[in-house]
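Just so it is clear, none of the values below were taken in a lab; they were calculated from the coordinates. Since this is a predicted model, take the numbers as computed values, not measurements. As a convention, Cβ positions derive from the backbone with ideal geometry for all residues, glycine included, and neighbour counts pool all protein chains shown.
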Amino acid sequence: MTDLIATIAGLVEEKEVEEITKNQENPWKLVSTLVNHVLASNHIGYTEYNTAEWISEDVARQSLSRGLNSPSAASKSLWALHLAHRHVEKLETSSDLSPEELKMCLEFYLVWQQLLVDPEQTIKTQVDGIMSRLKTLLTSDSAPFASGDVRCEVLLEMAAVHFQYFEYDKSDELIQKATEACDLDIDLSGMMGKRTRFQQRNIAQLVLVHKTPTSSSSSSPLPPDADIPQNCSLNDDTLLEEIAISTDSEASRVDGRCLTPAQLCCLLWIARHESATHRHDVLIHERCSPFLDTVIAARRCWSIQAAALLARADLEKGRGRHVDRSCVQSELVVKLQQGVEDTVAVGDRLPRTAHILASGLTPFWQSSVLLAEILKSLGCTSEALLILERLEMWDAVIECYKQLGQMDKAESLIRRLLEQKPADSMLHVFLGDITRNPEYFLKAIALSGDRNARAHRSLGHVLLMDKKYEDAYKHLRRSLELQPIQLGTWFNAGYCAWKLENYKESTQCYHRCVSLQPDHFEAWNNLSAAYIRHGQKPKAWKLLQEALKFNYEHPHVWENYMLLSVDVAEFSQAIQAYHRLLDMNKRGADDDVLELIAQQILRREAEITVEKEASEEEAAENQRVKEEMIKLLARISANHQTLSPKTLRVYALLKKPKILNPETRTEFEKYIQLMEKSLAAANGKMTWPKEEKLAVEVVETAVRLAEDRLELAKFVASDTSVKEASSKVRLSLRGILSRLDKESGSRVAGEDVEKLAELVDVAKRLLESVSL
């Protein structure tokens, strides 16, 4: 079919093109040929027939645009996609499309979406209908999809569509079905091995293994292909090129050379999904590397290898010892995708198109963006700037100038482009981004007929920064009406709605945000806060658990979780959160929280004692939480953190045994010691006799301590113990009562005046009972 592409590309008149295409016996085969040509031009370095005589690339780009969402300026062979689109529009309306034709239709829309700058809702609507029909056929085991590898490829292409629209749950479901269809039976496991050159002993390493022993020896290794992108070496003086597994464990490890292309594609998508949904996980490199290393070790299928090498480069770009290889590897693959420094003849590159869509290989300009990001992380911003200028990605170019501190050059560049294209609304948006002048955004909105989602988004962001929340919210919502798939815009809209106290709208925005990016822990946290204001604390508590799944190291989320756990009476979780904050050294002694938890535990314990209907499980659960609380307070005390008198008192009460007997005597003595500390801390405040509430607490603690001290002395039943206890009680109560009498004139009477009087009477009676 290369001859047909050459013939169509060489024609001058559009009528001639129509005649040739009409004479084709199978129009769907023509569509498949045109789509494959687009893939070859943008993915594998096929440099022939990228333009056609009968239509310019600009006209083709305009026909493939949806509103202001157009194919990338760097994309090639748009004439072929334009011609394929004309045929698909005519053919897809038929209700009796065969499975192969539905598959071709799906691939066409997937390629179209790949070339567009932003996700397009209209394409999603069309492709959803196609996928629902394909899913029906897949469940019915129709003949065209009887082969496991073909079924796997179709499922992965549908997963790729969902991935384009951030529908990660649906994508994951299809990936799992694809692994079943191609009989891929693997799992992550630990094996003993070495990672560095200087390692003396084997330690556990995460590798890919067969779940069942029989599958490990089911096939023999296949030889590598001749035309494969080079796998760049790490060349590190410490790390090994690959993990060295001990020979005892090697047998059950997955060998990529024994896997089919469909199975290799599945491994790629598992790693890609894991990386996309766990961006903040510090172990994401260790979890994804076994999948990618297995694919790369296979050395088969150009598109699969290129996709795996780019995925590894993306994974390694933030790691100090790997970033150099990440940069060199991505540069090598990008050059091959552009047909630069490729030793293979142009005509011999066409077989590389196999499995492009199933492997998820990105077009060369998206791979170039990855290379630019890696260069920027290495400080090579000028080199990244040159790449992005060639791709005409002006928003990214502006970011580079911003990093270089040369915003004047960015403004000059955009103004020069505006002289050439004064009616281009996006250029006015870029100028507004540089100058932060709202007038440029308003002009862009006017030029586009209020259809520029980016202009509304940028204007909303500027107004948000100026704290004009109402106007910002209007523009952000309009932007989302025009382009619903915008992660950051949903987040900002939710924040504006929160500030406007419109909590219902706020929760809707944050829900949309987490559906687009499940690991956006800030959105989970803010969604929880919105539900709290909405009066739904239990639901908010559950949402904070989701936030912690995606960022386990964020102290503010843990603090919110601890406080909310107290609110919803989940004290065990509150204690766990407090421990986590102590682990991160982000929490001192929060007396209010500790006191509240301890009081609630003691109150529940008293209720269980009184209630005869309370079950043994409830009593056991409360006892478990009580023990956890004692451990927490002990840890805080051991860290030399000062506890308040109230907290020390409840700590003592938690330690107090229910019955005093020989077995519990030691615990009772510890309880007495803690009560002494509590009284000393409370009595140490010079102002307590003047404040009625504090006076009640001090006298109440002193009376309880005196009573329990005398009880312990009577239990010991020795002359010295009773005398010592009586002496301590006299010393304690006399000092407190004398200070109380001295400041009685300056103390303002309040609600607790009667209670204080009763406590003073009790203290005086106790004093009389132990007087000499």
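Numbers below:
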{"item": "Span per principal axis, largest first, for the Cα atoms of the range 406-484 (Å)", "result": "34, 26, 19"}
{"item": "Spacing of the two label points (7 Å from each Cα toward its C-beta) at K211 and E392, in nm", "result": "4.9 nm"}
{"item": "Label-point separation, A446 to A244 (7 Å along Cα→Cβ), nm", "result": "7.1 nm"}
{"item": "Ellipticity estimate at 222 nm from DSSP helix runs (n ≥ 4, -39,500 (n - 2.57)) divided over the chain, nearest 500", "result": "-21500 deg cm²/dmol"}
{"item": "Protection proxy ranking, peptides 147-153, 293-299, 187-193, 233-239, average beta carbon neighbours within 10 Å, highest first", "result": "293-299, 147-153, 187-193, 233-239"}
{"item": "Two-site label geometry, E25 and K409: point separation in nm, points 7 Å out along Cα→Cβ", "result": "5.9 nm"}
{"item": "Length gained when the stretch E341-D118 is fully extended (0.36 nm per residue, less Cα-Cα span)", "result": "77.2 nm"}
{"item": "Radius 15 Å from Cβ of L239, net charge of other residues (Lys, Arg +1; Asp, Glu -1)", "result": "-1"}
{"item": "Degrees between helix 438-447 axis and first principal axis of the chain (Cα, 0 to 90, nearest 10)", "result": "40 degrees"}
{"item": "Order of Y552, Y510 - criterion: other Cβ atoms within 10 Å of each residue's Cβ, fewest first", "result": "Y552, Y510"}
{"item": "Diffusion constant of the range 352-474 at 10 °C, which comes from Stokes-Einstein with the Kirkwood Cα-pair radius and 1.306 mPa s, µm²/s", "result": "99 µm²/s"}
{"item": "Cβ-derived FRET efficiency at R0 41 Å, D169 paired with E616, nearest 0.05", "result": "0.50"}
{"item": "Cα-Cα over 23 Å, subset of K728/K764; K376/K468; K335/K376; K29/K90; K76/K402", "result": "K376/K468; K76/K402"}
{"item": "Spherically averaged projected area in nm², based on the convex hull that wraps the Cα atoms of the range 498-601", "result": "6.5 nm²"}
{"item": "Ratio Rg/Rh, restricted to the range 557-670 and using Cα atoms, in which Rh is the Kirkwood radius", "result": "0.98"}
{"item": "Highest to lowest packing among 129-138, 716-725, 591-600, scored as the average C-beta count within 10 Å", "result": "591-600, 129-138, 716-725"}
{"item": "Projected area averaged over orientations for the range 181-362, convex hull of C-alpha atoms, nm²", "result": "11.1 nm²"}
{"item": "Gained length - D752 relative to N639, 0.36 nm times residue gap less alpha-carbon distance", "result": "37.1 nm"}
{"item": "Computed E for R730/D592 - FRET, C-beta separation, R0 45 angstrom, nearest 0.05", "result": "0.85"}
{"item": "For the chain: relative contact order, % (alpha-carbon pairs under 8 angstrom, 6 or more apart)", "result": "7 percent"}
{"item": "Additional length obtainable on full extension of the chain from K742 to Q62, 0.36 nm per residue less Cα span", "result": "235.7 nm"}
{"item": "Efficiency of FRET between F198 and D227 - r from beta-carbon atoms, R0 41 angstrom, step 0.05", "result": "0.65"}
{"item": "Bins of 5 Å from zero: percent of alpha-carbon pairs in the range 675-772", "result": "2, 14, 25, 24, 17, 10, 5, 3, 1"}
{"item": "Kirkwood Rh (inverse of mean 1/r, distinct Cα pairs), the chain, angstrom", "result": "31.9 Å"}
{"item": "Cα-based radius of gyration of the range 309-353 once divided by 2.2 N^0.38 Å, which approximates compact folds", "result": "1.37"}
